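K.L.:
Below are the structure tokens for one structure; questions will follow.
The values are calculated or read from the model by the stated rules, or taken from the named source; none is laboratory data. Fair warning: this is a prediction, and the values are worked out from it, not measured in the lab. Glycine gets a Cβ as well: all are built from the backbone with ideal geometry, and neighbour counts include every protein chain shown. The area values use the complete protein model at the heavy-atom level, side chains included, leaving out ligands, DNA and RNA. Shrake-Rupley method; radii C 1.70, N 1.55, O 1.52, S 1.80 Å.
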Amino acid sequence: MSDNGEQYDALIIGAGFGGMYALHHLRDQMGLEVRAFDGAGGVGGTWWYNRYPGARVDAPSSPFYAYTFSKELVDEWEWTETQTPGPSVLAYLEHVAERFDLLKDIQFDTWISDARYDEATQRWTIETDQGETHSAQFLICATGALFVANMPDYPGIADFAGECYHTGRWPHEKVSFEGKRVGVIGTGSSGIQSIPEIAKEADHVTVFQRTPQFSLPARNRRLTREELEKYREDWEDLRASMCHRGGWPFKTHRRKASDYTPEERHAIYEELWEEGGINLSINSFVGVMTDKELNEEVGEFVRGKIREIVRDPETARKLMPDYYYGTKRLILDNGYFETYNRDNVSLVDLREDSIVEFTPDAVRTKHGEHPIDVLVLATGFDAVSGSMLKLNPKGRGGVRLEEKWGERFDNYLGTTISGYPNLFMIHGPGSPGVFFTMPLGGERTTAWIADCIRQMREKDFGAIEATEDAEAGWDREINAIADRTLFPLANSWYMGANVPGKPRQFLGHLSGSQYFDRLSEVAEADYEGFTFEPVHDGETSTEAT
Ligand code: N01
């Protein structure tokens, strides 16, 4: 303990999948002095907060949404369903925390109130809301891509007197909907997962929908013992395959749409719809996300399914998505469209009947009044950039990140920011984030950061910093990939379009495997795009690579 509080090699902000692995890797594999912090009361990150009914991993086959670094862990954890329920993911993470003795180095219920870089000492200093100060050479921001809740700002909403919950800040106690009139705003993954569950219990559910969504049947089921055993046996190959195939181990068909007649293509869509999961996207035809005509054909197929499922034609009409299929986050559901056939569920299309105001016990829209006892805000997040801006670190010259990122979320490799030496992000803007399996993505990003730190120590470098030129090049690179697809055309959170006033910028890297190849290339090219400073001994010279 010095005047500057506790001194570490690295401080980690966040104890979700990313932060927990960073702690394990930096501490146990590199022998660094590390401390992690989280505002939550336990490990789990997004899984600690998102406890709404119906929360599940809405990605293909759950055994792959897990850590891959330990074969023992793979062998001992019993996954039970293809779409793991939220509480089971949390139980897994709690097990990992104990199994790898992480808890002793994580401080919970602690918010970082300030984080600043000191150019003279080449170190980061943080202050916590507990009145403590800590410093370290490296600041690892595992702050979560989907953390800062997006709260709608409707007139009178603060005066609503009933219960109100955001899906991303769900209470730990059970919320009872029995006998209650529930209003749900938002039909992204969280809304689509929770609405069918809430409808089973509530007296009435009114869904307020701003954008109708494409959603595919998850076909969740129990994993068989044989599947689990096979997964363990083939684990080495599967992991290698995940690294090469965008995070999931599945081989995809490389079919050309023009080789099939429209009737044959339709039969293939039917088959893949029955299989469920994201098969319709990844296993139908090459080019679904780049070719407007083909995309429209798949979109129309899904619209046809919605028309078939939803009995009331007027409700079905309101549920028709009108953007390019898959360009907003594709959703996997368990009976979402079927829920609209229940007598106790109604749909308000906000594009035709917008919200005027809230009263203490109702939502008043242009054409009516909807009395409610409980309001569920499934309105999503200030995604990817939001949690870094909440931390709002001060870099060189005391410049706050909110100044640097006022108009664009400039970064290099999705993990570093010019002007913020020795700061690394896991799942930052410009990284694959949700376009790759996040646990594995976090492991691989951390391994790259750790290797960089190791090399800095070997060479007596005190600081690493991305150049502005490298940031501009990275921006061009990730946009060039995105611009080859239809993704930038959607008003999605990928584009920052869900939050009023947020700069419109594609927030991810669409090709996970290519991204990790780029990380390796940069390291092999002597960390091209970075400058290094020697450890300060009173000098301030910089050495560019
Ligand atoms: O948030 P969203 P989410 N008035 O932004 C609407 C991951 N996830 O929490 O589409 C009215 O997708 C908004 O409308 P629009 C996953 O990556 C994972 O559902 O912007 N409506 C939209 O319908 C996912 O993509 C899992 O026009 C408003 C909805 O609210 C990401 O988290 C589970 C509004 C928000 O949808 C975010 O999902 C859940 C307003 N003022 C989520 N503001 C698992 O794997 C917003 N909306 C378990």
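K.L.:
Pick from 41, 31, 86: which is out of contact with any His (no Cβ under 6 Å at 6 or more places or on another chain) and under 27 Å from residue 451 (Cα atoms)?
P.N.:
Exactly one residue qualifies, and that residue is 31.
K.L.:
Something else now. Answer with yes or no whether residue 265 is more than 16 Å from the ligand (Cβ to nearest atom), over 21 Å from the mean Cα position of the chain (by Cα), crowded, with 19+ Cβ neighbours inside 10 Å and of a type in the set (Lys, Arg).
P.N.:
For residue 265, the condition - more than 16 Å from the ligand (Cβ to nearest atom), over 21 Å from the mean Cα position of the chain (by Cα), crowded, with 19+ Cβ neighbours inside 10 Å and of a type in the set (Lys, Arg) - is met.
K.L.:
Please tell me if residue 359 is away from the ligand (no atom under 16 Å from the Cβ) and either farther than 30 Å from residue 533 by Cα or over 27 Å from the mean Cα position of the chain (by Cα) (or both).
P.N.:
Yes.
K.L.:
Something else: Quick one: which residue in 282, 268, 278 is β-branched (Val, Ile, Thr), outside the structural domain of residue 490 (by TED's automatic domain parsing) and within 18 Å of residue 221 (Cβ to Cβ)?
P.N.:
From the options 282, 268, 278, the qualifying one is 278.
K.L.:
Let me ask you something else. Regarding region 232-247, can at least one residue be identified that is over 26 Å from residue 76 (Cα atoms), aromatic (Phe, Trp, Tyr) and out of contact with any His (no Cβ under 7 Å at 6 or more places or on another chain)?
P.N.:
No, the conditions are met nowhere in region 232-247.
K.L.:
Next up: When you check residue 113 against the structure, is it among the hydroxyl-bearing types (Ser, Thr, Tyr) and in the same structural domain as residue 432 (by TED's automatic domain parsing), yes or no?
P.N.:
yes
K.L.:
While we're here: Tally time: how many residues in region 199-243 are under 21 Å from residue 278 (Cα atoms), in a strand (DSSP E or B) and within 16 Å of the ligand (Cβ to nearest atom)?
P.N.:
Residues that pass the stated criteria total 3.
K.L.:
Inside region 113-165, can you point out the residues that are within 14 Å of the ligand (Cβ to nearest atom), under 28 Å from residue 494 (Cα atoms) and in contact with a Ser or Thr (Cβ under 9 Å, 6 or more places away or on another chain)?
P.N.:
Residues satisfying the conditions are 144, 145, 146, 147, 148, 149, 150, 151, 152.
Residues are listed down the side, and each one gets a yes or a no for (1) touching a residue at least 60 places away in the same chain (Cβ under 8 Å); (2) assigned by TED's automatic domain parsing to the domain that holds residue 110; (3) open to solvent by 10 Å² or more (accessible area, probe 1.4 Å):
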residue	(1), (2), (3)
38	yes, yes, yes
48	no, no, yes
58	yes, no, yes
64	yes, no, yes
71	yes, no, yes
75	yes, no, yes
80	yes, no, yes
85	no, no, yes
